[in-house]
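Q: First the structure, then my questions, so here it is.
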Protein chains: 2
Amino acid sequence: MPDHSPDPFGAFIPGPRAAVAGAPAGPLHGLAFAVKDLYDVAGYPTTYGNPDWARTHPPAAATAPIVTALLQAGANLRGKTRTVELAYGLTGENIWHGTPLNPKAPERFPGGSSCGSAAAVAGGLVDFALGSDTGGSVRIPASYCGIFGIRPSWGAISLAGACGLGPSFDTPGWFAARAEVLQRVGAVLLPEDVPAATGPLLKPGEPWMNAEPAAAAALAPAMAALEGLLGPTISLALVPETLGTLYEHFRCAQAEEAWATLGSWVAAANPEFGPGVKERFAAAREMDPAKAAAGRAFRRPFAARMRALLAGGAVLAYPTSPSPAPKLTASPAEQNGVRERTMGVTAIAGLAGLPEVSVPVGLADGAPVGLSLVAAPGRDRALLALAARLAGALGLAG
Amino acid sequence: MPDHSPDPFGAFIPGPRAAVAGAPAGPLHGLAFAVKDLYDVAGYPTTYGNPDWARTHPPAAATAPIVTALLQAGANLRGKTRTVELAYGLTGENIWHGTPLNPKAPERFPGGSSCGSAAAVAGGLVDFALGSDTGGSVRIPASYCGIFGIRPSWGAISLAGACGLGPSFDTPGWFAARAEVLQRVGAVLLPEDVPAATGPLLKPGEPWMNAEPAAAAALAPAMAALEGLLGPTISLALVPETLGTLYEHFRCAQAEEAWATLGSWVAAANPEFGPGVKERFAAAREMDPAKAAAGRAFRRPFAARMRALLAGGAVLAYPTSPSPAPKLTASPAEQNGVRERTMGVTAIAGLAGLPEVSVPVGLADGAPVGLSLVAAPGRDRALLALAARLAGALGLAG
């Protein structure tokens, strides 16, 4: 029976809702959730945010195992949420389905590409929602919408039955308004952690210097609370490279994968794309192979260095996004500037496959900004537990 | 210019060869290679072994980054090789393109699903060839065709631009007749190893008990040589479960992913499949969700146990396949029996994401059998180095 309950934030895709009841018992019993419309739910189309994609792909014959696992754990699926077309964008804009409202800052973008899932959670329509993250698509809308969000360790959870964008970067991810719910979902989906202590607390200079002063200031109380939990901060330079270099390598390696993954369809179907998405696919098509190779080559020692730094259980803390969400009136050039500054930060975990949890700890210019906790691959459960402790220390609804 | 050089073993897909010259210099300069026809090469169709797949998918607009990396390293692509339809089978049979000959045992199957790549290498047509491995599709043809083959750590190398079967199991992989070439390709494709010593040498009871006596006996000299390199063998029981239990959990979890990945296309295109493949997709469609959930649930503690066992640098050694390749005259029932006994062994690395190298060390009943070396995830380079040392100690052409 399709669900037609109100959608004041434009979080869900238009049309009948994919509603599936969960098992009658289980660790997520009674929780309501939504899934970004790049996860298959049997019997429903998967639009991937684009009408031509929906037109040229059959309805899903199977449900993605990650969604099945949530249903088997007792959660009830309320529907599929809007996404940036082919998940290739960070603002959350979608000219076909409409851009979801940011419930916490209605004059600003919700962030993307998992915009609808973030809006559904921030607006209180569901308890949690699945997104996906290639270059920040869970972390950024979590920061912009003032909710919790996790990009797990790359590879920790299967993406079978989900549309891909850059397979060696793609992860699932989820949002919740409460740390406890974020953690309970993790207990269902995540593998066992690798054993390691948590701490010390590392404060890398680059993403803090990169943040707008108001955003950095808004996170200061949370950093103090984190020091109360983990001991004094150790400040360090993360990499000899600049964040601009990280962004450039990320962009090139990811564009190569985006075109390898989706280019055959784009070339054959010649889909109509909205602004931004169109330009990004055109750039992916023209990507210089030497630049892509440089991006691939950069990843290996960078990932090895990050893993070595974090191997003992250290946790990095830095602003998830350098600023709150851009305003809906921002020009394309302004949006691109935000995108570049933002993706230099999100590239840290993206290039190295690290888990990252964004905690909604502050307001800058009256709009939400998140603090990210980042650990070594395989430390997802410890990171979720730390986020819950931080939320408790800050008195956030948990 | 299409390549029409002879193909005495039926390794390549019919029609013009995908031939692409590599860079004029690089660590693989002058080597010839082939790729299983589930990797995209720009301008060519990707058949995935099935005419209906080829008919319903556009030619590739992009080349898979793993193939680009090999070309950039100076290797020359000679063409695309036959695969079991949608990579869902272990014998190497393909009724549409023809089953490649096993150059080392022409009366037997070549093994699959990467049958053409194994035949091209074993027959001396190329220096190395890319395959892919979900449930044994590189390891088994390596064992059956008497060549080296590696299934790397899950997630170590991007599968962008490659068709998927079970994303949380799928890995690329490659074959070579010489250990030194296998290792050189790894030096181009693999990330840095996690640091750890190599050894001790562990001999797990289950896959040795599961092997035919002639196959186990054929591997004895190689085990003695391995002891010369790593010290005395430590015999142990790998798991409290039987290999049959491992196979069952693997089969169910993988079938769920296969249907989630390919079911929408199968349901919409209603493709014609050859024998075996057809039945496996029918079983995947009907997979009991409770069994799939049990398979998913089994993986986590199993993988954690394997990683703990191997964390210090230990290496497992056991027969890659419990027997040489089945004869071409084997009945479907006999083939299924071999498949079940074989996949109980291949499920060890498959369920836990472990790297596995098969070394062609012996003959049983006059046909090749391989010895597998298996390590913790991230130890791929160490494993390739060990395989090269073992090949040297055994006087194999290296």
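Every number in this text was worked out from the coordinates using simple rules, so none of it is lab data. Being a predicted model, the structure only gives us computed values, none of them experimental. Please note: Cβ atoms are built from the backbone with ideal geometry, for glycine as well, and neighbour counts cover all protein chains shown.
Q: Using a 10 Å cut-off around each Cβ of peptide A:153-159, what is the average number of partner chain Cβ atoms that fall inside? Could you put the intermediate results ahead of the total?
A: Details: counts 1, 1, 8, 2, 1, 11, 6.
Partner-chain Cβ atoms within 10 Å, mean over residues of A:153-159: 4.
Q: Now for a separate question. Where along chain A is the Cβ that lies nearest the axis linking it to chain B, and how many Å separate them?
A: Residue of A nearest the axis onto B, distance in Å: A:Gly155, 2.
Q: How far, in nm to one decimal, is B:Ala54 from itself in the other copies if the label point is set 7 angstrom along Cα toward Cβ? Shortest first, please.
A: Shortest to longest, the spacings are 3.5 nm.
Q: Taking θ as phi - 60°, what are the ³J(HN,Hα) couplings along region B:26-32 by the Karplus curve (6.51, -1.76, 1.60), each to the nearest whole Hz, with x for Gly and Pro?
A: Those phi angles translate into x, x, 10, 3, x, 7, 9 Hz.
Q: Once fully extended, how much extra length lies between A:Glu286 and A:Ala21, figured as 0.36 nm per residue of separation less the alpha-carbon to alpha-carbon distance?
A: Taking A:Glu286 through A:Ala21 to full extension adds about 90.9 nm, to one decimal.
Q: Then there's this: Using a label point 7 angstrom from Cα along Cα-to-C-beta, what distances in nm, from shortest up, separate A:Thr329 from the other copies?
A: 8.5
Q: Let me ask another. Please state the equivalent ellipsoid semi-axes for region A:32-189: what are the square roots of 5 times the Cα gyration tensor eigenvalues, largest first, in whole Å?
A: On the way: eigenvalues 78, 72, 41 Å².
Semi-axes, largest first: 20, 19, 14 Å.
Q: Cα convex hull of chain B: how many Å³ per residue?
A: It comes to 118 Å³ per residue, whole-number rounded.
Q: Would you mind checking the radius of gyration and Dmax of the protein assembly as shown based on alpha-carbon positions, in Å?
A: Values for the protein assembly as shown (Cα only, Rg and Dmax): 25.4, 77 Å.
Q: Once R0 is set to 60 Å, what does the formula 1/(1 + (r/R0)^6) return for the Cβ-Cβ distance between B:Ala217 and A:Ala214, expressed as a FRET efficiency to the nearest 0.05? Mind dumping the intermediate values first?
A: On the way: r = 74 Å, r/R0 = 1.23.
Rounded to the nearest 0.05, the efficiency is 0.20.
Q: Another question, then. Within chain B, which whole H helices from DSSP have a Cα span along their axis of at least 18 Å and a mean Kyte-Doolittle hydropathy of 0.5 or more, if any?
A: On the way: long enough: B:213-230 (24 Å, 1.46); B:243-269 (36 Å, 0.21); B:289-310 (32 Å, -0.02); B:332-352 (29 Å, -0.07); B:380-394 (21 Å, 1.13).
Membrane-span-like by this rule: B:213-230, B:380-394.
Q: So, one more: Taking every pair of Cα atoms in region A:280-398, average 1/r, invert it to obtain the Kirkwood radius, and report Rg/Rh to two decimals. Write down the numbers at each step before the final one.
A: Values: Rg = 17.0 Å, Rh = 16.4 Å.
That ratio is 1.03, to two decimals.
Q: Separation between the B:Leu236 and A:Glu107 pseudo-spin-labels, each 7 Å from Cα along Cα→Cβ, expressed in nm?
A: 6.3 nm
Q: Something else about it: Please list 3J(HN,Hα) in residue order for region A:40-53, calculated via the Karplus relation 6.51 cos²θ - 1.76 cosθ + 1.60 where θ = phi - 60°; whole Hz, with x for glycine and proline.
A: Once rounded to whole Hz, the list reads 6, 10, 3, x, 10, x, 10, 7, 6, x, 9, x, 6, 5.
Q: I would also like to ask the following. Residues with amide H under 5 Å of A:Asn94's amide H, sequence separation 5 or more or different chain, H placed in the peptide plane at 1.01 Å from N; which?
A: Result for A:Asn94 returns A:Thr99.
Q: Here is a follow-up. Name the residues whose placed amide hydrogens come within less than 5 Å of the amide hydrogen of A:Thr320, ignoring near sequence neighbours (fewer than 5 apart) on the same chain.
A: Amide H neighbours of A:Thr320: A:Gly370, A:Leu371, A:Ser372.
Q: Turning to a different aspect of this structure: Between A:Leu202 and residues 5 or more places away or on another chain, which pairs have amide H atoms under 5 Å apart, with H built 1.01 Å from N, and which residues are they?
A: Answer set, sorted by chain and number: A:Ile234, A:Val315, A:Leu316, A:Ala317.
Q: Which is farthest toward the positive dipole end of chain B among B:Pro8, B:Val188, B:Pro240, measuring Cα position about the Cα centre, with Cβ charges +1 (Lys, Arg) and -1 (Asp, Glu)?
A: So the residue we want is B:Val188.
Q: For A:Gly274, place a label point 7 Å out from Cα along the Cα→Cβ vector, do the same in each other copy, and report the separations in nm, one decimal, smallest first.
A: Shortest to longest, the spacings are 4.6 nm.
Q: Using just the helices of chain B, give the 222 nm mean residue ellipticity in deg cm²/dmol: DSSP H runs with n ≥ 4 each add -39,500 (n - 2.57), and the total is spread over all residues, rounded to 500. Please list the in-between numbers first.
A: On the way: 12 runs with 158 residues, N = 398.
Estimated from H runs of four or more residues: -12500 deg cm²/dmol.
Q: What does the charge dipole of region A:65-219 about its Cα centre add up to, to the nearest 20 debye, if the Cβ of each Lys and Arg holds +1 and the Cβ of each Asp and Glu holds -1?
A: 300 debye
Q: Ranking A:Asp52, B:Asp40 by Cβ neighbours within 10 Å, fewest first, what do you get?
A: Details: A:Asp52 18, B:Asp40 30.
If I rank by nearby Cβ atoms, fewest first, I get A:Asp52, B:Asp40.
Q: Which distance in nm do the two modelled labels at B:Ala196 and B:Arg300 give, with both placed 7 Å along the Cα-to-Cβ direction?
A: Calculated label separation equals 2.1 nm.
Q: Write down Rg/Rh for region A:225-320, rounded to two decimals, with Rg from the C-alpha atoms and Rh from the Kirkwood relation over Cα pairs.
A: Details: Rg = 18.3 Å, Rh = 16.2 Å.
Reported Rg/Rh (Cα atoms, Kirkwood Rh): 1.13.
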